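The values are calculated or read from the model by the stated rules, or taken from the named source; none is laboratory data. This one's a predicted model, so the numbers in the text were calculated from it and none came from an experiment. We place every Cβ from the backbone using ideal geometry, glycine too, and count neighbours over all the protein chains shown.
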Amino acid sequence: MSITRKNETGTVLLTTLLVMAVMAALTVALMDDIRFAVKRMINVNAYTQADWQARGAEDFILAFLQNDFREIDPAAKAILLQSREPLILPTPEGAITLTLKDASHCFNISSVVTQAGGQNSLAAAEFANVAQLLGLPRNQASALSSTLIDWQDKDQQMRSGGAEDGTYLRRDPPYRTADTAMRSPEEMRALNGMDEDLWVLFKPFVCTGGATVNPQEPEAINVNGLPPERLILLAAAMAGLGSADDAISAAETLLRDRPMTGYESTDALNAKLTEIGFKMDTPARLGVDVTAVFVEVVTQVGPAERVRTYRYDGLDKGVPQLTYRGWGRETFRPEIEIELDAR
């Protein structure tokens with residue numbers, strides 16, 4: 001009788017221990033779930049706060065460009081944009097970092113079409129000149145320019161060397177042309193004739209903005225702030241409908257003889273062009289002040305980070321207009337690093 005009672009007591013003890021072990025395992029699993037849930041909630045709140053800060057930064061940028069930036073001397077603007085020094089705004093749980101870049105120092109691929117959806121011949125010729133100065137043969141550069149127009153214009157009439165829907169629908173998977181201005185430089189990767197090597201070649205020199213309003217009043221390149229590594233953009237703009245090879249030496253002279261504080265006015269710039277004996281098809285393409293900027297924004301809240309890129313045009317008119325909004329570091333305009341010989 002006593003032996004049976006001892007066996008029953010041992011069974012109860014083992015059962016109790018087993019139940020306690022199961023409950024302990026469940027408690028640990030539950031605590032892990034709670035810990036991960038709390039961590040997820042912290043991250044969600046941090047990313048939400050970072051998003052709102054990015055939106056707030058957009059309002060701050062607009063106010064800064066309308067008030068403070070427009071009062072800065074053109075020479076000081078050039079120094080500011082060339083410095084690459086970001087503007088850091090501390091926040092209670094992180095920081096907002098703003099980096100300004102001159103948007104005229106890259107070719108706006110949306111400018112090859114007008115707002116009405118037609119062709120902008122001057123911009124198309126300039127893009128072809130950029131392509132040639134990057135090393136593409138004349139025929140390939142002209143075909144790529146036509147393809148860029150066909151992607152964005154409103155019609156389905158294929159230009160010489162270009163490509164419309166019929167070309168892209170035969171691909172796997174098939175797709176169509178946008179028939180509107182490009183929203184991101186990465187759209188160029190979808191163009192017929194564009195491969196990864198070509199995209200890497202073009203990437204530092206192209207950007208997106210608004211379509212051309214008036215082809216006779218193009219956006220001016222800020223010559224005072226143009227770095228030497230972007231010389232081909234200046235030469236292509238100066239060439240107009242002509243050959244960029246003829247303009248490259250004049251562009252080199254324009255930058256080499258640029259005063260330390262920059263050209264005082266467009267009249268001084270035009271006088272220099274007359275001095276070197278170069279005549280432009282569109283003199284308005286060159287300027288001495290900032291007309292558009294890219295603002296790269298990084299908002300950090302704890303572990304969260306949000307990245308935006310904004311483009312504002314019309315700074316020379318005193319009415320900045322947001323013409324581009326991009327998400328992610330991929331939208332940042334790449335810098336061109338120059339290796340200097342150590343001597």
Residues within the range 206-255 that are of a type in the set (D, E, K, R), in contact with a helix residue (DSSP H, G or I) (Cβ under 8 Å, 6 or more places away or on another chain) and more than 18 Å from A284 (Cα to Cα), tallied: 4
Given (1) in a helix (DSSP H, G or I); (2) out of contact with any helix residue (DSSP H, G or I) (no Cβ under 6 Å at 6 or more places or on another chain); (3) among the aliphatic types (A, V, I, L, M); (4) at pLDDT below 90, number of the condition A125 does not satisfy: (4)
Qualifying residue in the range 211-230 (condition: surrounded by fewer than 24 Cβ atoms within 10 Å (Cβ to Cβ) and of a type in the set (S, T, Y)): no
Sole exception among (1) farther than 16 Å from I232 by Cβ; (2) in contact with a strand residue (DSSP E or B) (Cβ under 7 Å, 6 or more places away or on another chain) for V130, by number: (1)
E264 being farther than 23 Å from Q119 by Cα and not in a helix (DSSP H, G or I): yes
Number of the exception - R258 against (1) in contact with a helix residue (DSSP H, G or I) (Cβ under 9 Å, 6 or more places away or on another chain); (2) not in a loop (DSSP other than H, G, I, E, B); (3) not acidic (D, E): (2)
Members of the range 217-255 found to be of a type in the set (V, I, T), part of a helix (DSSP H, G or I) and closer than 28 Å to Y312 by Cα, listed by number: V223, I232
From the options L26, L65, residue that is assigned to a helix (DSSP H, G or I) and closer than 26 Å to L269 by Cα: L65
Filter pass, G94 being at pLDDT below 90 and among the small types (G, A, S): yes
Any chance R343 is over 17 Å from S184 (Cα atoms), among the basic types (K, R), modelled with pLDDT under 85 and not in a strand (DSSP E or B): yes
Residue selected from the range 80-114 under the condition out of contact with any helix residue (DSSP H, G or I) (no Cβ under 8 Å at 6 or more places or on another chain) and among the aliphatic types (A, V, I, L, M), by the criterion surrounded by the fewest Cβ atoms within 10 Å (Cβ to Cβ): I88
Any chance A54 is assigned to a helix (DSSP H, G or I), small (G, A, S) and over 26 Å from Q321 (Cα atoms): no
In the range 167-181, the residues that are of a type outside the set (A, V, I, L, M, F, W, C) and surrounded by fewer than 14 Cβ atoms within 10 Å (Cβ to Cβ): R170, R171, D172, P173, P174, Y175, R176
